[in-house]
Amino acid sequence: MYTQGLNELAARPLAAGQENPELLRRFEARIDAEEKIEPKDWMPEAYRQTLIRQISQHAHSEIVGMLPEGNWITRAPSLLRKSILIAKVQDEGGHGAYLYSAAETLGISRAELVDQLLSGAAKYSSIFNYPTLTWADVGAIGWLVDGAAIMNQIPLCRCSYGPYSRAMIRVCKEESFHQRQGYDLMLKLARGSAAQRAIAQDALNRWWWPSLMMFGPPDTASPHTALSVRWKIKRFTNDELRQKFVDFTVPQARFLGLEIPDPALRWDAERGQHVHGEIDWSEFQDVVRGNGPCNQDRLQARRDAHESGRWVREAALAHAAKHARAAAA
Amino acid sequence: MQPKPDWPLYEIFVRARGGLDHKHVGSVHAADASMAMEHARDVYTRRQEGVSVWVVRSTDIVASDPDEADALFEPARDKIYRHPTFYDIPKEVETL
Ligand SMILES: [Fe+2]
Ligand SMILES: [Fe+2]
């Protein structure tokens, strides 16, 4: 999964005017012609930096995103559900790996990327700073969070940067399984006992608004969208994608017999769209700033994993060096 | 403080089915080639995407320079006589 408008909060690209005008002109002509830009091609510094930021935030989100669901692996209610959840969480780790690879083609090392996450300098999707309180949260995450991620990611398959676009094609193929297993889980609960229906509704209540926030701040507050759209890093604005998500998801909730926790939600026949209530952007800003319910836990879990894996990384290198010496001798 | 250097980078090539070429799919970090092979299996073939994998140290790949692309590939552009469609064969002539 999981990009978010976050890249725009932090973006401070070089003004395009500072670049060599002839190279910039040729670069933009290639973009206009729908050509892909590849790692060794000339690119404006702002393009490189925006991509590093966006792809790495995306990668970090995949990795941190393993934590809330990983929380339920040992308590999955059946062996099949446990196998599905392990496969899903493993996919997210794979997504992180594809994306770190793509970011590294832009000239930043994996060690630097990991360091940025662990030091708190880099952001990841704010959705993962919410806790998974019941088994139904695993269903809600697959259905809503992976669903929102797919909305974000499908246009990224056509991103102008080749390695990112190829990574996203691979990711999107796998996300569909994630969303469907989540909906399937919700469906089982929705058709189950009163207690099962209650945890399904409760999970929807808690994950609905944070899922809408995953698309990032409203267009009126996203000053860098224009450049990202011109360079085809981004194909749709945050609000366009959010709208599409709402229009897709409302009927799915209705089929489950669950209620979207938004009293202002209504169908606008004239526009042919749903109109949703106000999003509480102060909550979003607060979570991005580090004050969500689980920000501390998530980062600590990653730091602990990195620290306790250190001896393994070092031992593997020492082992490889020893065998390389033996082979040379 | 500079972070510790990474495990070396390996480029991964996967043959999707017998009869097809190996195709570049991405890269992994690994301490050595056999670990790169295991990582490639886990990262790139979780759904039977391949029947064979190559791993190659990224530093062992020599790539052409995009700035020299014109010098390398342009000379082929005006040699249209290399393509079968260049030749007008009367339609009475069959199987050619
Ligand atoms: Fe993912
Ligand atoms: Fe996913």
For this session: Please sort through the DSSP H helices of chain A and keep those with an alpha-carbon extent of at least 24 Å along the long axis and a Kyte-Doolittle average not below 0.0.
Result: A:79-104
For this session: Return the value, in Å² to the nearest 100, of accessible area buried between chains B and A (probe 1.4 Å, both sides summed).
Result: 1800
Problem set entry | Interface residues in the stretch B:61-94 - accessible area drops by 50 Å² or more relative to the isolated chain, probe 1.4 Å | B:PRO66
Problem set entry | Modelled FRET efficiency - R0 22 Å, A:ASN291 with A:SER119, Cβ distances, 0.05 increments | 0.75
For this session: For every other residue with a beta carbon closer than 11 angstrom to the beta carbon of A:GLU104, add +1 if it is Lys or Arg and -1 if Asp or Glu, then tell me the sum.
Result: -1
Seminar exercise, completed: Longest principal axis of chain B (C-alpha) makes with the long axis of helix B:33-44 (C-alpha) an angle, in degrees to the nearest 10, of 70
Exercise. What figure in square angstrom, to the nearest 10, would you give for the accessible area of A:ILE52 with a 1.4 Å probe?
Worked result: 20
Problem set entry | Heavy-atom accessible area ranking, 1.4 Å probe, most first, across A:TRP72, A:TRP231, B:TRP54 | B:TRP54, A:TRP72, A:TRP231
Problem set entry | Debye-sum result for the protein assembly as shown in log10 I(q)/I(0), which assumes one identical scatterer on each alpha carbon, at q = 0.11, 0.13 Å⁻¹ | -0.92, -1.22
Problem set entry | Exposure rule at most 14 other beta-carbon atoms within 10 Å, DSSP loop GluC sites (Glu not before Pro): chain B longest free segment | B:1-91
For this session: For A:TYR124, tell me the accessible area in Å² from a 1.4 Å probe, rounded to the nearest 10.
Result: 20
Exercise. Other chains' Cβ within 10 Å of A:99-110 residues: what's the mean?
Worked result: 3
Seminar exercise, completed: Per residue of B:19-27, other chain Cβ atoms within 10 Å number on average 3
Exercise. Among all the aspartates and glutamates, which ones have a C-alpha under 14 Å from A:LYS322's C-alpha, if same-chain residues fewer than 8 places away are not counted?
Worked result: A:GLU314, B:ASP32
Problem set entry | the protein assembly as shown: calculated mean residue ellipticity at 222 nm from DSSP helix runs of at least 4, using -39500 (n - 2.57) | -16500 deg cm²/dmol
Exercise. Among the lysines, which have Cα under 19 Å from the Cα of A:LYS188 when same-chain residues fewer than 8 positions away are ignored?
Worked result: A:LYS82, A:LYS88
Exercise. What accessible area per residue comes out for chain A, rounded to a whole number of Å², with a 1.4 Å probe?
Worked result: 44
Exercise. If ligands, DNA and RNA are left out, what is the accessible area of B:ILE89 with a 1.4 Å probe, given in Å² to the nearest 10?
Worked result: 90
Seminar exercise, completed: The summed charge of the A:GLU92 Cβ neighbourhood (under 12 Å; Lys/Arg +1, Asp/Glu -1) stands at -4
Exercise. For the protein assembly as shown, what % of the accessible area comes from carbon and sulfur atoms, probe 1.4 Å?
Worked result: 56
For this session: Check the straight Cα-Cα distances from A:LYS36 and name the lysines below 24 Å, setting aside those fewer than 8 residues away within the same chain.
Result: A:LYS173, A:LYS232, A:LYS234, B:LYS23
Exercise. Which sequence of A:HIS323, A:HIS95, B:HIS22 reflects their accessible areas, 1.4 Å probe, from the largest down?
Worked result: A:HIS323, B:HIS22, A:HIS95
Seminar exercise, completed: Taking every other residue with Cβ under 10 Å from the Cβ of B:ALA16 and scoring Lys and Arg +1, Asp and Glu -1, one gets +1
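The values are calculated or read from the model by the stated rules, or taken from the named source; none is laboratory data. Since we're looking at a predicted model, the values are computed, not measured. Neighbour counts are summed over all protein chains in view; Cβ atoms, including those assigned to glycine, are modelled from backbone coordinates with ideal geometry. Only protein heavy atoms, including side chains, enter the accessible area calculation; ligands, DNA and RNA are left aside. Shrake-Rupley method; radii C 1.70, N 1.55, O 1.52, S 1.80 Å.
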